Amino acid sequence: MTLSAALSRQSNDASFPTLWDELHWRGLIHVSTNEDELRTLLQGDPITYYCGFDPTAPSLHLGNLVQLLLLRRLQLAGHKPLGLVGGSTGLIGDPKPTAERTLNERETVAEWVGYLGNQISKFLAFEGDNSARLVNNLDWTAPMSAIDFLREIGKHFRVGTMLKKDAVSARLNSEAGISYTEFSYQVLQGLDFLELYREYGCVLQTGGSDQWGNLTSGTDLIHKVEGVSAHAIGTPLITNSDGTKFGKSEGNAVWLDSSLTSPYAMYQFWLNTLDADVIARLKVFTFLTREEIDEYAAKVETEPFKREAQRRLAWDVTALVHGDAAADAVVAASAALFGNGDLFALDAETVRGATQELPSARVAAGDLVAGALVETGLCSSLSEARRAIAQGGVAVNNIAVSDEAATLDSATLAGGVSVLRRGKKTLAALVFSA
RNA sequence: GGUGGAUUACCCAAGCGGCCAAAGGGAUCUGACUGUAAAUCAGCUGGCUUCGCCUUCGGGGGUUCGAAUCCCUCAUCCACCA
């Protein structure tokens, strides 16, 4: 397997005395086991470490990308990553703070395990002395009997300790309560870490800080059973400075799978990063050096309207996830669609390239504009579409539509396509059939 | 096992027989300003064949001319008692 362009460009910043210092500077460490020991451990001989991803959806999302990039940074420092997909833990479900999860079908979970494995592989190097390895926790939990599990693993867990974990106590204090199934989740994750320690000498687990209880469940178990101090790093929850949730675009998660979130949508998501957040995002989501990021920070201060930091962030992450060519294509599309120029002046090739990136629908002259809004997914119902038009937020080829009963005319852009716009930045392509 | 309380739209939360498609707040969305920002201000926010009609107030059944509001029952959660 050869490295992708994005992967081969990556490196850690040599200006930091240690990797640990760089991780701190990037804001990737929220909690951890003993800091001094970790710093030393990471500077020493290569270690094996892991991070798990549960198949709760057919794709990973931006929150998972933080973990993938942390795995990669550690790999670049010479350590050996294990990417774990939760074939078994995905069948159980870790306790969400608010409510019990609905169990997914076994077949569905198995399918998602495959998708996630493929995605994880794109972000790690599978060559060289410290090549990555994919593991599935179903491989060691499926053969284990309930009796073995309770005798060999369960005996090491005290219920008092388990009840004190935030994830569990939050649920016990909520009206939702918690099932025995989800209560057991931390034991399964602890078992994973122990298994990976025994099989691969894995001594470090990374994860989101909301997983801290599950991470320490593993370090505690290894300490009890093997008498060894294993480590854990919890990354911070990424938050937006305006209080909204990070990683949501129009209420939906931003997925790494291009069929769920298009490269264009991915690029637009990052381009719209707040000034107040963009530097922190560059630190976490790109491999730019401290020096380069400092330069962007200065530009955000002096000429924020140019949004150079946002552009760089958007290109880098889009290229990382979807490849350089896709990133270049969506930059061109964005320039065409948001440029100040007349859309009608664009040549057919440019129009085709730009509109290809957008959600689209097949229409005919005479169709209702409101209907087209629904067809393209820009509005979820005709009522909402009419409302959008009434509010003056809809335009076809940048010509405002003011009548709720307006129909599409045949004046398309070059190439027989029209651009439907809702609000300032939600676009779709209308493909006219003869 | 017993008694009492709760369950309302995306979330929180009023309503307690007609004036309820359901107050208020949050969030989303749209407009103005702008940098495809943020903050701020304003407006919208169940659906549809939209001066009207249809489906919603945990599920099901009933009383009534008429129910989110009353009764029965089931489910879930909370509290106290055993």
What list of whole percents do you get for P(r) of segment A:268-378, with Cα-Cα distances grouped in 5 Å bins up to the one holding the largest distance? 2, 11, 17, 17, 17, 14, 10, 7, 3, 2, 1, 0
Rounded to the nearest 500, the 222 nm mean residue ellipticity computed for chain A from DSSP H runs (n ≥ 4, each -39500 (n - 2.57)) alone is -13000 deg cm²/dmol
Exposure proxy order (Cβ contacts within 10 Å, fewest to most) of A:306, A:283: A:306, A:283
Counting residues in segment A:231-276 as N, plug N into 2.2 N^0.38 Å and put the Cα Rg over that result. 1.34
Suppose the Debye formula is applied to equal point scatterers at every Cα of segment A:30-145; what is log10 I(q)/I(0) at q = 0.23 Å⁻¹? -1.28
Estimated D of segment A:355-432 in µm² per second, where Rh is the Kirkwood radius over Cα pairs and Stokes-Einstein applies at 20 °C, 1.002 mPa s: 180 µm²/s
So residue A:433 and residue A:145, fully extended at 0.36 nm per residue minus their Cα-Cα distance, gain in nm 97.7 nm
Note down the nm distance, to one decimal, between modelled labels 7 Å out along Cα→Cβ at residue A:382 and at residue A:30. 4.6 nm
Rg over Rh, two decimals, segment A:234-320 (C-alpha only, Kirkwood Rh): 0.95
Could you give the distance between the Cα centres of segment A:5-55 and segment A:139-162, to the whole Å? 31 Å
Segment A:5-235: Rg/Rh from Cα coordinates, Kirkwood Rh? 0.95
If each K or R counts +1 and each D or E counts -1, the residues other than residue A:404 whose Cβ falls under 10 Å of its Cβ total +1
Considering only chain A, percent of DSSP beta bridges that pair antiparallel, nearest 5: 45 percent
Using a cut-off of 9 Å between beta-carbons, work out the net charge of the residues near residue A:88 (Lys and Arg +1, Asp and Glu -1, residue A:88 not included). -2
What does the net charge come to around residue A:382 if you take all other residues with beta carbon closer than 11 Å to its beta carbon, with K and R at +1 and D and E at -1? -1
Quick one: order A:349, A:195, A:111, A:357 by neighbouring beta-carbon count within 10 Å, fewest to most. A:349, A:111, A:195, A:357
So what's the convex hull volume per residue for the Cα atoms of chain A, in Å³? 169 Å³
Can you give the direction-averaged projected area of the convex hull of the alpha-carbon atoms in segment A:292-343, in nm²? 4.1 nm²
For a bin width of 10 Å, list the pair-distance distribution of segment A:98-231 built from all Cα-Cα distances, rounded to whole %. 10, 35, 39, 15, 1, 0
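Readers should treat all values here as calculations from the given coordinates under stated rules, not as data from a laboratory. The structure presented is a predicted model; accordingly, all values stated were derived computationally and were not measured. FYI the Cβ positions are ideal-geometry reconstructions off the backbone, even for glycines, and counts take in every protein chain you see.
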